[in-house]
Amino acid sequence: MTEIVTNGAAATIAPGKDIVASMVEELKAEVLAVLDEGVTELTLNLKGVVMVDSIGLGLLIAIHNSVGKHGGRLRITGASPDILKLMQTMRLDQHFEVKSA
Amino acid sequence: MDEILAAFLEDTREHLADIETDLLDIEELGDGGDSELVNKVFRTAHSIKGSAGFLGMDTIRDLSHKIESVLDAIRSGEMQPDPEVINIVLRAFDRLAELVDNHAESNEMDISEHTQTLTALLTDTLPEEERAGVTTKLCLNLPSGGSVLNILEHDLRKARKNGNYIYLVEYDLIHDVHRKGKTPIELMQFLEKSGLIIDCGMDIGAVGDLSGELSARIPFHVLYASILEPELAKAIFQVDNRYIHEILDEHTQQAESTTTPTLGACAPKEADAMHEDATATQAPPNDLDDLEAAFDAAWSQAGAVGANADASQAITGGMTKQTGPACETDTNFEAMSGESQDSGFVLDMDAPLPEAEEADALPPEAAQAADAPPLRTDGDATVLTLSGEATIARAAELKNALLQGLNTGSSLALDVAGITAADVTFLQLLHAAAKSAKARSIGLTLATPLPAPVLELIARAGLDTNQVDWPASA
C-alpha cells in the first residue's frame with residue numbers, strides 16, 4: 001500500500017513493495033498526481049523494497065528527469081544495502097541523492 | 001539504522017585507537033617489515049570506506065579511500081614506509097578520527113590538505129612520464145554521443161598493467177537484462193565478480209520522463225577491465241558483438257571511425273597535452289579473422305608499452321621469471337619456451353593476473369595447494385589435478401599449475417572432478433591452456449567430465465565450447 005505524505009512543495013512517497021515491471025504504471029500515476037499538485041521536492045522512500053528490476057530502474061530515472069524539468073529534486077531514502085550498492089555501482093548516486101536512512 | 005550507525009562508530013573508534021602504534025611499528029620495521037601489520041591497517045581504512053559510503057558520509061569515504069590507496073602502495077612495495085610517509089598517513093588518520101567524531105557535519109568538513117598530500121605521495125611512486133596521468137582525465141566519447149565516461153588516465157593504465165583487456169560494453173537494461181529475465185543487481189554482481197568496473201554510466205537523458213510511455217531503452221555503459229580475451233568476452237558479456245568495443249592503448253593509432261568509442265583528452269586541449277593524438281579506436285570485430293588481426297595489432301602495441309612496464313607488476317618467482325624483462329605483461333607460451341612467433345595470439349597465460357581485492361581473503365587451503373601442483377604421470381600422459389575453488393583469487397596459482405603441466409612436454413590430462421566452484425577466470429584459463437597446447441602440438445584433454453559448478457557457469461555465461469579452443473573430452 002503506497003504511503004503518500006505531502007507538505008507544500010515537498011512530498012514523500014513510499015511504495016512499500018518491489019519496484020518492478022508489474023507495478024510501475026501504478027507508481028508512475030501516483031508520482032504524476034503528486035507532481036501535478038506542484039510538488040518539486042520529491043522523496044521516494046524505499047522501505048520494504050527488496051528488488052528493483054530494469055523497468056523499475058527506468059521509472060526511477062524517468063521520475064528524476066520529470067522532477068528535474070520542473071526545477072525540482074528527487075531523493076531516494078530507505079534503500080536496502082543491495083539497492084544502495086546497485087545505485088552506487090551504477091553511478092546513479094551522481095544524478096540523485098540515494099541514502100539508506 | 002541507528003544501530004548500524006552506532007556499530008560503525010564503535011568499530012571505527014576501536015580500530016582507529018590502534019592505528020598510531022601500528023603505523024609507528026610499520027615505520028620502524030621499514031621495507032620488507034610486517035606485511036600482516038600493513039594489511040591490518042589497510043583493512044581498517046578499507047572497511048571505514050565501505051561503511052561510510054553506505055551511510056552517506058562521503059567525506060569520510062573519500063579520505064579513507066585515499067589513505068587506503070597509499071597503504072596499498074606500501075603493501076605492494078611501491079612505496080617505502082619512511083617517516084615522512086608514515087607522518088602523512090598518521091595525520092590523515094587523525095583527521096579521519098575528527099570526521100568520525102563529528103560525523104553529522106563531516107560532509108561539510110575540509111579534507112583537501114590531506115587528499116593533496118596523499119595524492120602527492122602516490123604520484124611520487126610513479127615513473128615520471130606517468131605522473132601527469134594521476135590527474136589527467138581521459139574522456140571516452142561514445143558512438144551514440146549520448147553520454148561520456150570520464151576516467152583518470154592513471155586508473156586506466158593501472159587496470160591495463162595487470163594484464164587486463166579493456167572493454168567498453170554498451171548494455172541496454174531493457175533489451176539485454178530485463179528481456180533475458182535478469183535484474184540489474186544480477187548484472188552488476190556478475191560484472192564485479194568477473195573483472196573490474198573502471199567506470200560506468202547510465203544515459204539518463206535517453207530514458208525520457210513521465211510524460212508518455214515509459215522508455216523502451218535504458219542505455220548503460222560499462223568500462224571494464226578483464227583478463228578475458230576478446231573471443232571469450234563476446235560470450236561472457238551476453239550482448240551483441242556490435243556493443244562490445246575493445247579499448248586499445250591511447251598511443252595506438254587507428255583509423256578514426258564514427259561508429260566506435262574514442263578515447264582522448266577531455267575538453268580544452270593544453271599545448272603540451274601528450275594525448276593530442278589519442279584516438280584509441282578499434283572497429284568491433286565481426287569475425288574471427290578481423291578479431292585476430294585486431295588482436296595482433298593490440299599485442300604488438302602492448303608489447304612496445306610492456307617494455308617500459310614497471311617490473312614490480314610482473315608475477316614474481318617461478319615460471320614467469322623466465323619471460324625476461326622485455327615483455328612482462330605480454331609474453332606468451334611460445335616466447336617462454338624460446339619459440340617466439342610473430343602471431344602473438346596466445347597472449348593470456350603469461351600476463352600477470354589481477355590481484356584479488358583482498359589478497360588476504362585467500363583461504364588457507366588455497367595457500368597450501370599453491371606449494372605443490374598435483375602432477376602425476378600416467379603412462380605417456382601427465383595428469384594434472386585441479387580441485388577446490390577455481391576463482392579469481394586462485395587464478396594465478398592455477399595458471400602456474402597449467403603452465404607446469406604443459407611444460408612437461410607430454411600430453412596433458414586435466415582431472416577437474418574436485419572443482420567445487422568456478423568463475424569466468426577459470427573458463428579463460430581452460431581456453432588459454434587449450435590454445436597454448438594447440439600451438440605446441442600437445443594433446444590437452446579432460447580426464448574427467450566437468451563438474452556441475454563448471455557446467456553451470458558455462459551455461460550461465462552462454463559459452464559454446466565447440467566454438468572456441470577448448471580441452472578435448474576424454
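Being free of Cβ contacts under 8 Å to residues at least 40 places away in the same chain, crowded, with 20+ Cβ neighbours inside 10 Å, more than 10 Å from chain B (Cβ to nearest Cβ) and of a type in the set (A, V, I, L, M) is a description that does not apply to residue A:67. Here is a check on your reading of the model: is residue A:35 surrounded by 21 or more Cβ atoms within 10 Å (Cβ to Cβ) and either within 9 Å of another protein chain (Cβ to nearest Cβ) or at pLDDT below 95 (or both)? The answer is no for residue A:35. Scanning the range A:43-59 for residues that are in contact with a strand residue (DSSP E or B) (Cβ under 7 Å, 6 or more places away or on another chain) and assigned to a helix (DSSP H, G or I), we see that the one that is farthest from the other protein chains (Cβ to nearest Cβ) is A:56. Checked against (1) within 24 Å of residue B:151 (Cβ to Cβ); (2) touching a residue at least 24 places away in the same chain (Cβ under 8 Å); (3) of a type outside the set (Phe, Trp, Tyr), residue A:91 meets all criteria but (2). For the range B:169-191, state whether one or more residues are under 12 Å from the mean Cα position of the chain (by Cα), at pLDDT 80 or above, buried (at least 21 other Cβ atoms within 10 Å of the Cβ) and part of a strand (DSSP E or B). There is no residue in the range B:169-191 that is under 12 Å from the mean Cα position of the chain (by Cα), at pLDDT 80 or above, buried (at least 21 other Cβ atoms within 10 Å of the Cβ) and part of a strand (DSSP E or B). In the range B:102-113, the condition of being assigned to a helix (DSSP H, G or I), surrounded by 14 or more Cβ atoms within 10 Å (Cβ to Cβ), over 27 Å from the mean Cα position of the chain (by Cα) and within 14 Å of chain A (Cβ to nearest Cβ) is met by at least one residue. All told, residue B:446 meets the bar of being surrounded by fewer than 21 Cβ atoms within 10 Å (Cβ to Cβ), more than 22 Å from the chain's Cα centre (by Cα) and among the aliphatic types (A, V, I, L, M). The lone criterion from (1) more than 7 Å from chain B (Cβ to nearest Cβ); (2) touching an Asp or Glu at 6+ places or on another chain (Cβ under 8 Å) left unmet by residue A:62 is number (1). Summed over the range A:77-92, residues that are in contact with a helix residue (DSSP H, G or I) (Cβ under 8 Å, 6 or more places away or on another chain) and more than 9 Å from chain B (Cβ to nearest Cβ) total 2. Here residue A:74 qualifies as assigned to a strand (DSSP E or B), more than 7 Å from chain B (Cβ to nearest Cβ) and under 19 Å from residue B:208 (Cβ atoms).
Among residues of the range B:87-111 that are under 18 Å from residue B:69 (Cα atoms), those with a beta-carbon under 7 Å from a residue that is among the basic types (Lys, Arg) at least six positions away or on a different chain give the pairs B:111/B:95. Kindly indicate whether residue B:58 is within 14 Å of another protein chain (Cβ to nearest Cβ) and of a type in the set (D, E, K, R). Yes; evaluated as a whole, the condition is true for this residue. Scanning the range B:1-58 for residues that are within 27 Å of residue A:93 (Cβ to Cβ), in a helix (DSSP H, G or I), of a type in the set (Gly, Ala, Ser) and under 31 Å from the mean Cα position of the chain (by Cα) yields B:45, B:47, B:50, B:51, B:52, B:53.
The values are calculated or read from the model by the stated rules, or taken from the named source; none is laboratory data. Remember, it's a predicted structure, so these values are computed and weren't measured experimentally. We place every Cβ from the backbone using ideal geometry, glycine too, and count neighbours over all the protein chains shown.
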